[in-house]
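The values are calculated or read from the model by the stated rules, or taken from the named source; none is laboratory data. Note that the structure is a prediction, hence the values are computed from the model and not measured. Here the Cβ is made from the backbone with ideal geometry for all residues, glycine too, and neighbour counts use every protein chain on show.
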Amino acid sequence: MSVATSAEQSIVPSLSLPDLFAHYHVGWETRDPALIASLHSDDSVFHMHDGSGPVHGRDALRQHCAELFARFDWSCEMGRRLYGADHWVFEWTMVLALGELGGAPFTARVEMLDVVTLNRTGAVTRKDVYMNGAQAQAAFARAGIAR
């Protein structure tokens, strides 16, 4: 069994982590499943910790994002970003445009946290998304969306 040195474990992308984050975030801001998926490794895992299972692989992620963007109208308010050797943590607020059961529109805000891990080439190998469960449950219940 070999042990990797800290130099071997560090990421060696052509862009800095903040620049990689910015490029990756463009895909989410512009709602571009192809761009998002292109920045993930072939064996990437995307897991939204909302009771649903993880999404495995680039093609499945592309499809998952397309369905997500078609189903919900939301935007992102940026918060803190913390960078490590091979990952970032991103605090943000999802701003959802929803409609009440009676049809009146409303805006819901749900606090979110992303933990994103990258490989040595700078590709995303795993993205874990955590949401404020109470805020999400209240928003979806008000909109009559079963989750």
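May I ask you to verify whether Gly122 is crowded, with 16+ Cβ neighbours inside 10 Å, in a loop (DSSP other than H, G, I, E, B), of a type outside the set (A, V, I, L, M, F, W, C) and at pLDDT below 95? Even if it seems obvious, please write down each step before you answer.
Details: crowded, with 16+ Cβ neighbours inside 10 Å: yes; in a loop (DSSP other than H, G, I, E, B): yes; of a type outside the set (A, V, I, L, M, F, W, C): yes; at pLDDT below 95: yes.
Against the criterion (crowded, with 16+ Cβ neighbours inside 10 Å, in a loop (DSSP other than H, G, I, E, B), of a type outside the set (A, V, I, L, M, F, W, C) and at pLDDT below 95), Gly122 qualifies.
For the range 20-52, which positions are touching a residue at least 60 places away in the same chain (Cβ under 8 Å) and among the polar types (S, T, N, Q)?
The answer is Ser41, Ser44.
Would you check which residues across the range 20-51 are of a type in the set (D, E, K, R) and farther than 14 Å from Val124 by Cβ and list them? Don't jump to the end; show me each part of the working.
Restricting attention to the range 20-51, the residues satisfying the condition of being of a type in the set (D, E, K, R) are 29, 31-32, 42-43, 50.
Selection gives Glu29, Arg31, Asp32, Asp50.
Do we have His56 as in contact with an Asp or Glu (Cβ under 8 Å, 6 or more places away or on another chain) and at pLDDT 95 or above here? Let's see the steps before the verdict.
Values: in contact with an Asp or Glu (Cβ under 8 Å, 6 or more places away or on another chain): yes; at pLDDT 95 or above: yes.
Spelling it out, His56 is indeed in contact with an Asp or Glu (Cβ under 8 Å, 6 or more places away or on another chain) and at pLDDT 95 or above.
Quick one: Trp92 ticks every box in (1) crowded, with 16+ Cβ neighbours inside 10 Å; (2) under 22 Å from Ser16 (Cα atoms); (3) in contact (Cβ under 8 Å) with a residue 24 or more places away in the chain except a single one, so which number is it?
Every listed condition holds for Trp92 apart from (3).
(1) surrounded by fewer than 13 Cβ atoms within 10 Å (Cβ to Cβ); (2) outside any strand (DSSP E or B); (3) under 13 Å from the mean Cα position of the chain (by Cα): which one isn't true of Met78, the others all being true?
All conditions pass for Met78, except number (2).
Buried (at least 18 other Cβ atoms within 10 Å of the Cβ), farther than 18 Å from Arg147 by Cα and acidic (Asp, Glu): is that true of Asp42 in this structure? Lay out the reasoning, then the answer.
On the way: buried (at least 18 other Cβ atoms within 10 Å of the Cβ): no; farther than 18 Å from Arg147 by Cα: yes; acidic (Asp, Glu): yes.
Criteria not met by Asp42.
Find the residue count for the range 1-28, including only residues that are hydrophobic (A, V, I, L, M, F, W, C), under 29 Å from Thr93 (Cα atoms) and either at pLDDT below 50 or in contact with a Leu (Cβ under 8 Å, 6 or more places away or on another chain) (or both). Talk me through it step by step, then tell me what you get.
Taking the range 1-28 and keeping what is hydrophobic (A, V, I, L, M, F, W, C), we get 1, 3-4, 7, 11-12, 15, 17, 20-22, 26, 28.
This time we only want the ones that are under 29 Å from Thr93 (Cα atoms), so: 11, 15, 17, 20-22, 26, 28.
Remaining after also requiring either at pLDDT below 50 or in contact with a Leu (Cβ under 8 Å, 6 or more places away or on another chain) (or both): 11, 17, 20, 26.
Number satisfying all stated conditions: 4.
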